[in-house]
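The values are calculated or read from the model by the stated rules, or taken from the named source; none is laboratory data. In this text the structure is predicted, and so the values were computed from the model without any measurement. Positions of Cβ are backbone-derived with ideal geometry, glycine not excepted, and every protein chain shown enters the neighbour counts.
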Amino acid sequence: MKTEVKSQTNEIHYKKIPPNTLWLLNLQQYRISPTPGYVLKRWGFKGWQWPGPYYSDDGEDGILEYLFYYIDDKNKFAVDIGAAHGYGGSNVRYLADTFGWKTTELDYSKKWENIHPRVKNLRITPENICSKLLKYETPYQIDLLSLDIDSMDWYVLKSVLEGGFESSVIILEYNPIFSFDDDVVRSYSSKYNKDGSSRYGASLSAFEKLLNKYNYTLVENCVDLDNKIYSNNAIFLNNKFIRDDDKTSTIEQLHPVAWKEPWKENKALDTTGIAWEISTIKDLKRFLIEKNIMKELKEEDYEVN
């Protein structure tokens, strides 16, 4: 049953009214444990063999499930850009299966032995993303957007937003080597492919500033370094679900230290493909910017077109 609540600024549709103004704090407590990613490694499964019911690598399904316990999923639709095979690691599979959502799931690779029938194989670019979403009958109003392509993610997201698509919740992968106040994005290249290095995507601040322009608020950073959960996924909530008095954490609180994914090598490729040994995160950041592999954003880069 829907509950309509009218705050001082907007009318919000909930399945259930949040219990208090603190409902968007400490969301990591809702993480699925043990995480699917941990079980996959412990049992020796491949991601495409994972039977569910939860699928996100680091238990993010639990946080998303908590949010949708309160907010209305009236659109019954999710989009996954960078869906891989659509099984272990998927941020949309559990919710789509549980709530009967339709989905548009896109990925470029065919390297897996088993690929979910909903996953469409195609190369996504900022130039084609909106036309491809419309080709597969994606509505402009959706419930969940997951983005993780380890390349031009920031530009693709900007195109989706400028194209008029709106999601209730967005979960995306950011580049964790950059600090909470670094506004940095991968320099655009139409030829770049995911290569397993740290020269991809954008800083959390770059995503936050872009999404703030479109009325989204950062509500969780899914990493837990103390417990060795290296999830560089961030969750944003549409402001229409945030009441005037609701409390949220700041980006500095959610991303207090820069860190590097431990499986990334201590080297960086320059624009010619030469590998350079890099000893510290600070040196890695400097290298990527000096070589124009990553670039610092200016205010005009965030302008809404």
* **Residues that are surrounded by fewer than 16 Cβ atoms within 10 Å (Cβ to Cβ), more than 24 Å from Asp72 (Cα to Cα) and in contact (Cβ under 8 Å) with a residue 12 or more places away in the chain, drawn from the stretch 127-155** => Glu127
* **Any chance Lys158 is of a type in the set (Lys, Arg), crowded, with 19+ Cβ neighbours inside 10 Å and on the phi < 0 side of the Ramachandran plot** => yes
* Across the stretch 23-32, what is the total count of residues that are exposed (fewer than 12 other Cβ atoms within 10 Å of the Cβ) and part of a loop (DSSP other than H, G, I, E, B)? -> 1
* Asked: Within the stretch 183-197, is even one residue in contact (Cβ under 8 Å) with a residue 40 or more places away in the chain and within 23 Å of Tyr38 (Cβ to Cβ)?
  -> yes
* Where a residue in the stretch 272-286 is on the phi < 0 side of the Ramachandran plot and among the hydrophobic types (A, V, I, L, M, F, W, C) and its partner, wherever it lies, is assigned to a loop (DSSP other than H, G, I, E, B) and modelled with pLDDT under 75, with Cβ under 8 Å and at least six apart -> Trp276/Asp270; Ile278/Asn266
* Look through the stretch 100-121, keep the residues that are surrounded by 15 or more Cβ atoms within 10 Å (Cβ to Cβ) and touching a residue at least 60 places away in the same chain (Cβ under 8 Å), and return whichever of them is farthest from Asn75 (Cα to Cα). => Trp112
* Test Ile124 against the criterion of being buried (at least 16 other Cβ atoms within 10 Å of the Cβ) and more than 19 Å from the chain's Cα centre (by Cα), and give yes or no. => no
* Provide a single number: the residues in the stretch 212-248 that are farther than 19 Å from Ile71 by Cβ, free of Cβ contacts under 8 Å to residues at least 60 places away in the same chain and either surrounded by 15 or more Cβ atoms within 10 Å (Cβ to Cβ) or β-branched (Val, Ile, Thr) (or both). => 3
* Asked: Does Ile251 satisfy the criteria of being aliphatic (A, V, I, L, M), touching a helix residue (DSSP H, G or I) at 6+ places or on another chain (Cβ under 7 Å), at pLDDT below 95 and buried (at least 18 other Cβ atoms within 10 Å of the Cβ)?
  -> no
* To do: Hand me the list of strands (runs of 3 or more DSSP E) wholly inside the stretch 123-209 holding 1 or more residues that are within 30 Å of Tyr14 (Cα to Cα) and either touching a Cys at 6+ places or on another chain (Cβ under 6 Å) or not aromatic (Phe, Trp, Tyr) (or both).
  => 141-147, 166-173
* **Selection count, the stretch 228-245, where residues are touching a strand residue (DSSP E or B) at 6+ places or on another chain (Cβ under 9 Å) and assigned to a loop (DSSP other than H, G, I, E, B)** => 5
* Specify the residue that is surrounded by the fewest Cβ atoms within 10 Å (Cβ to Cβ); the eligible residues are those in the stretch 282-305 that are in a loop (DSSP other than H, G, I, E, B) and β-branched (Val, Ile, Thr). => Val304
